[in-house]
Amino acid sequence: MIVQFTVRRYWLDLKRHRTFALLAAIVLAVIVAAFGIIYPGPEFFGTFFEIPVIQALIGSIPDVDNPGLLFWFLLLFSIFANIIYPVIGIFFGARILPWDERDGKELIFSTEKSPLRYFLENLLLVIVLIPLVVLPAYLVGVGSLLSGGGGVSSFTIAFILPLFFAFVVLMVTSFGCAISSSTRTGYALGGLFFIVSFTLDLLQQEIDFVKDINLMTQIGAIEHALNGTWNEEFILRCLFLVILLIVLTIFFLYRIDHIKTRSAYQETVEEENDHGKRKIMARFSFIRKFVRTPIESILSRTGWNYPAFRDHLQSSAGLFLIYLVVTSMLLAIVVIVYPGDAAMEVVISDLDIVFESPIIAAFLFGHSLTATLEGFLLYKIMAFHWIYYGPFLFIGTYTIIMRDRNAGYDEITWSMPRTRTRIIMERTIAALVYLWIIMLANFVVLYASQIVLGTYADVVLSDFGATVLTFIFLGIGYSLFLVLFVALASIPRPKYLLVALLSVFLIAVFIPMISILNQDLSWLLYLTPFYYFDVAGIFLQDISFEKVIPELIVFGAVITVFFIAVTTKWIPTRDIA
Amino acid sequence: MKELPQEIKIEIKGLTKYYGSTRGIEDLDLEVQTGEIFGFLGPNGAGKTTTIRCMMNTLLPTKGEIKISGELVSRGNPSLREKIGYIPGELALPEYYTVNEFLNYIEAMRGKPATRRQEIIDRFDLNSNLRKKIGALSKGNKQKVGIVVGFMNDPDVLIMDEPTAGLDPLLQQVVFKLLLESKKEGKTLFMSSHNLEEVQKVCDRVGIVNDGFLISIEEIEDLNKDVPRILEARLRNPDETRLTEFGDRLLEFRKHDNFVRLLIRKEDSIKDNIGILLAMDPEELIYPPASLEEFFLQFYEGKTKVNME
């Protein structure tokens, strides 16, 4: 009976999101099919993965064009495949108990079904749904990794082990929803669990205790796949945690209000909380006194009046903070565990080990290279900080640009005495500023990590400097491109946002990838911005900055003009209500 | 017929809006004079909100044009919107702002000081809520914030989509008073509603819409004549034969045990009608206003478009 209801609910859900489902299905099918067509064969990967990391990074691999870029694409995919599990876990976890009032829980819980049954149906639904959603991404990412030496059974191991981690994240999120009657708490708890797990993973080399309790470390999915072994201990731990969380969630399900009431009592409590908040803020009044007030005063004197920019940017202050905390955390670990120059000789030798390791070793998620912590950390920072960057890029942009629509007051915004073009521009610039501040944080963290490494920093500076600059330039182009698309698409209908994001993915990631993998399709690269401003070339092919910067300026100018033309001519002729 | 002021403030010509093949509003012609309160009356789904959103330029007409103060709204002219105050129907406000922060935001968006902000806040007794997050407010208090947003810049034209939704009767009276004062100050007000009584209280003229068509435009005095009266009574001696005394004045009659509900033509004297019921020894007698549905059923059932003459 539960299965019957679940299938029906799944069907209804699918019908409700049929445009999304259709588009997603088409894109995933195209990705898998195209990858199948351009697939260079297991021999290629077999050879490729044996190449030392450093050679791939500097692009000096014989018989392979642009191997550095290929390396990064594959890395991105393998990361994507692993990262998608917890992200999907958080997303679906918050759907098991739709505490959010907008989801109509008041109606749902007024039906004859018990909350327990409702919970179990949804749980079953997401358990079915998660593997279906992540399988295509995994086929492309991990599938290509394993094609050099693995087989179907290896893929199954690599596919299933992280699934258990996803279910733990799923239940942590759902548990978060249950204890607070709020979807937000679920997201926060699930996200925190994931970030803490990932950070603990960085410490695994040094602290046995952390290694024992950290589920992320225990996954070692690809490593196990390559060895053809199952991590039974990991599976048992996950099962235990999932069951425990299910029991606790059910326990809270029957012991808290299903609806957050806005009673007078609560308003009083909130007022008290506000009072407490004001007291805390008073301690930071110097920031207002010395920074905010003078800036506001100057801006007001110059006639600055861009609330859509200012307020939307401020709305992401929390995201800025989280991003800085997460990236700083990486640095702090280095500083705390190995301060000063003492271990630098070891670091350099460890870096050699990392760089001279075959690429396949670099792909192992949570692998155990012989490097000590610092070398391993540097490698992680360099290679994996995009894990944090990607979600922040999308979430931040989306939050800023869709702010008033998501909160529902967009009808008021559009009734203000401002042109649509101006409102869109202000929001877009806010999103760009947000992205560029995040990129600046990346830059600072990466360079600061070299400073921490002390006198030996010079040895690695050239490599890291080029990497950082590449990231920054790619980031500027990519983010400009992304934000403008998202901004344009989201104004008339939020649905278009999906098309915009998929377009960005296709143009920025997928087309370059297949055009590099298959020489016959190399003309496709002309369709992407990277052909016209080859910033990766600085890193990979000794192209000078003098050549790239004008290209970047021209590229930026072209898409800015396009954006202005569309916002002034097309957007004003669209329904936006 | 009351003589209307000369200047046309809002002019709608042949407004048609289709959502794909679904009709929102069709061929709407309407003029609202300066200093007038115009009610836009109709049941749910009649096309009121579509019309208002077209007036605010968030929806673009499939056909037709709208002018406010002589300027085409489809141009998206910000200087025109400076003169307009707007209260949306499905009012949603950002829950993360405090009331004060949101009003500051709106003031900044409008780019000039809101001259009536504090006055309207005082009228609606919102002072104690200014520092609260909007998300913590009750539905009625949120509606008050919406009203403050609409009125605080003292606009010449006010466009309101069911402005009293969610307010208790006392606060509704405050809104009515504010509307009537604004009218005295020469403002032009356009409000949609599905509450017949509300429209009768404040509007000068009423446009009645149903199923995407304007059925008629009436002076409020004429409308009041058309609206039937209802008499409800619990009778100790329910003698149905006496009801024949109503003759053809009686439009509809319902009875349940000793409770009767009569729908009677408006033009008849209240005294005569009540007199008949008093003869039947009523325990209680009430005289509620007719609902929009009763009004529609009685006069406009089956009509979609009528001759405006």
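Facing chain A (nearest Cβ under 8 Å), outside any loop (DSSP other than H, G, I, E, B) and either touching a helix residue (DSSP H, G or I) at 6+ places or on another chain (Cβ under 9 Å) or at pLDDT 85 or above (or both): which single residue out of B:Ala108, B:Ala92 fits that description? Break it down into steps so the answer makes sense when it comes.
Details: B:Ala92 fails: outside any loop (DSSP other than H, G, I, E, B).
Among B:Ala108, B:Ala92, only B:Ala108 is facing chain A (nearest Cβ under 8 Å), outside any loop (DSSP other than H, G, I, E, B) and either touching a helix residue (DSSP H, G or I) at 6+ places or on another chain (Cβ under 9 Å) or at pLDDT 85 or above (or both).
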Residue that is farthest from the other protein chains (Cβ to nearest Cβ) [pool: residues in segment B:69-89 that are assigned to a helix (DSSP H, G or I) and surrounded by 18 or more Cβ atoms within 10 Å (Cβ to Cβ)]: B:Val73
Any pair with Cβ under 6 angstrom, 6 or more apart, that starts in segment B:114-133 at a residue that is within 14 Å of B:Ile147 (Cα to Cα) and ends at one that is modelled with pLDDT under 95 and of a type in the set (Asp, Glu): B:Ala114/B:Glu107; B:Arg116/B:Asp154
Residue selected from segment A:400-426 under the condition of a type in the set (Asp, Glu) and under 22 Å from B:Glu90 (Cβ atoms), by the criterion nearest to the other protein chains (Cβ to nearest Cβ): A:Glu411
So B:Ile66, is it away from every other protein chain (no Cβ under 11 Å), crowded, with 21+ Cβ neighbours inside 10 Å and in a strand (DSSP E or B): yes
Pairs where the first residue, in segment B:18-32, is without any contact (Cβ under 8 Å) to a residue 40 or more places away in the chain and the second is acidic (Asp, Glu), C-beta under 7 Å, 6+ apart: B:Glu31/B:Glu11
Residue list for segment B:143-168, restricted to those being surrounded by fewer than 19 Cβ atoms within 10 Å (Cβ to Cβ), farther than 20 Å from B:Arg81 by Cα and of a type outside the set (Gly, Ala, Ser): B:Asp168
Among residues of segment B:224-249, those that are over 30 Å from B:Gly207 (Cβ atoms) and either assigned to a loop (DSSP other than H, G, I, E, B) or among the hydrophobic types (A, V, I, L, M, F, W, C) (or both), counted: 8
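Could you look through segment B:37-61, keep only residues that are within 18 Å of B:Val73 (Cβ to Cβ) and away from chain A (no Cβ under 14 Å), and pick out the one that is farthest from the chain's Cα centre (by Cα)?
Filtering segment B:37-61 for residues within 18 Å of B:Val73 (Cβ to Cβ) gives B:38, B:40, B:47-61.
Subsequent filtering for residues that are away from chain A (no Cβ under 14 Å) retains B:38, B:40.
Values: B:Phe38: 8, B:Phe40: 6 Å.
Here the residue is B:Phe38.
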Residue pairs meeting the criteria (Cβ under 6 Å; at least 6 apart or on separate chains; first in the same structural domain as B:Asn141 (by TED's automatic domain parsing), in segment B:91-112; second of a type in the set (Ser, Thr, Tyr)): B:Ala92/A:Tyr409; B:Leu93/A:Tyr409; B:Pro94/A:Tyr409
Cross-chain or 6+ apart pairs with Cβ under 6 Å, segment B:156-173 first and in the same structural domain as B:Ile66 (by TED's automatic domain parsing), then buried (at least 23 other Cβ atoms within 10 Å of the Cβ) and aromatic (Phe, Trp, Tyr): B:Ile159/B:Tyr86; B:Ile159/B:Phe190
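Looking at this structure, is B:Leu251 surrounded by fewer than 18 Cβ atoms within 10 Å (Cβ to Cβ), in contact with a helix residue (DSSP H, G or I) (Cβ under 7 Å, 6 or more places away or on another chain) and not small (Gly, Ala, Ser)? Walk me through how you get there before you give the answer.
On the way: surrounded by fewer than 18 Cβ atoms within 10 Å (Cβ to Cβ): yes; in contact with a helix residue (DSSP H, G or I) (Cβ under 7 Å, 6 or more places away or on another chain): yes; not small (Gly, Ala, Ser): yes.
So B:Leu251 passes the test.
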Test for B:Lys201: is it within 13 Å of chain A (Cβ to nearest Cβ) and basic (Lys, Arg): no
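The values are calculated or read from the model by the stated rules, or taken from the named source; none is laboratory data. Since the model is a prediction, treat every value here as computed from it, not as a measurement. A quick note on method: Cβ atoms are made from the backbone with ideal geometry, for glycine too, and the neighbour counts reach across all protein chains shown.
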